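Chemist: Just passing along the structure, written as structure tokens.
The numbers here are math on the coordinates, done by the rules we state, and not lab data. Please read these numbers as outputs of a predicted model, since none were measured by experiment. Here the Cβ positions follow ideal geometry from the backbone for every residue, glycine too, while neighbour counts run over all protein chains shown.
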Amino acid sequence: MKTFKLFKEKFITDCKSNNACQSEFKRVLNSKNKNELLKVIFDNINWIYDEKKILTIDDLLNNFTQKQLTKVGLYIKYNSVINDLKKSIVLISSSPTIETWGSSSPTIETLDSSSPTIKTLDSSSPTIKTLDSSSPTIETWGSSSPTIETLDSSSPTIETLGSSSPTIKTWDSSSPTIETLDSSSPTIETLDSSSPTIKTLDSSSPTIETWDSSSPTIKTLDSSSPTIETWDSSSPTIETWDSSSISYLPYSNNLKILSQKGNSCINDLINHKLYIIKNKFEIIEL
């Protein structure tokens, strides 16, 4: 473990050579001890650790104690339960179990190969970001309304249950698996070149928007009633099952209907077309 003086000197040199922003660099210069310096590192962890690679896992573990790290909300190679939720939590190569309760609203970021289990309950409204190659399992329950963003090549599994109403955005080349269950009503946006797999079940009523060059696979089952909007050059593939009912707004014309089964129907609200299996319905013209 380096002395604070030696660690700070090298850190200052590395930050300077990477053109650190002036205000945060000033905080580094003014830090009087390891705890103060660690707070600056935590506030800029994505830039310092993920983007510029100024510090490694070994640098952090060899120069700070686990107590110091977890006190600011930084969990490295941590696989236990996290009960004491800070305002912000960053996980690096960790697989803890996290539950957000009551009206709590922490920010949780998963980096590297982290694979935590995150459950949002009650009326909690956390912000969850999955980055790098992390693969967390996220469950939203009760009336919780988390904001979930999947980035980089992350591949989280997300389940929305109860009457939860999360906002889910998939970015970059992320490939999450998203299932909407019960009476949940999530808003799902697929962007960039992301390729999520989305399943709508039970009586869930998600709003799904596909943008950019994203290529989601969407399966609607049971009596779910999603609203799907396609934009830009996005090219979703849709499978409809059971008595599910889709309200479809094709602002782009790249929708591919892979299969349609049961009593499912697709209502094109822009071109005024109704897709049904004819032998399942008696068509009455008024």
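Chemist: Most exposed first by the Cβ proxy, i.e. fewest other Cβ within 10 Å, how do Leu74, Leu61, Leu201, Leu274 rank?
Modeler: Leu274, Leu61, Leu201, Leu74
Chemist: Here's another thing I want to ask about it. Which number gives the lysine pairs in the range 89-280 that have C-alpha atoms under 29 Å apart and are eight or more places apart or on different chains?
Modeler: The result is 29.
Chemist: Assign unit charges at the C-beta atoms only (+1 for Lys and Arg, -1 for Asp and Glu), then state the dipole size of the range 89-280 relative to its Cα centre in Debye, rounded to the nearest 20.
Modeler: Here the range 89-280 has a charge dipole of around 720 debye.
Chemist: Could you sort out which of Lys10/Lys34; Lys5/Lys39; Lys53/Lys87; Lys5/Lys87 sit more than 20 Å apart by Cα distance in this structure?
Modeler: Lys53/Lys87; Lys5/Lys87
Chemist: Here is a further query. Please order Cys265, Cys15 by the number of other Cβ within 10 Å, starting at the fewest.
Modeler: Cys265, Cys15
Chemist: I've got another one for you. Going by a ≥ b ≥ c, the root eigenvalues of the Cα gyration tensor, does the range 52-177 fall in the rounded group (a/c under 1.5), the prolate group (a/b larger than b/c) or the oblate group?
Modeler: Oblate, because a/c is 1.5 or more while a/b does not exceed b/c.
Chemist: Return Thr140, Thr3, Thr117 ranked ascending by Cβ neighbour count within 10 Å, so the fewest neighbours appear first.
Modeler: Going from sparsest to densest Cβ surroundings: Thr3, Thr117, Thr140.
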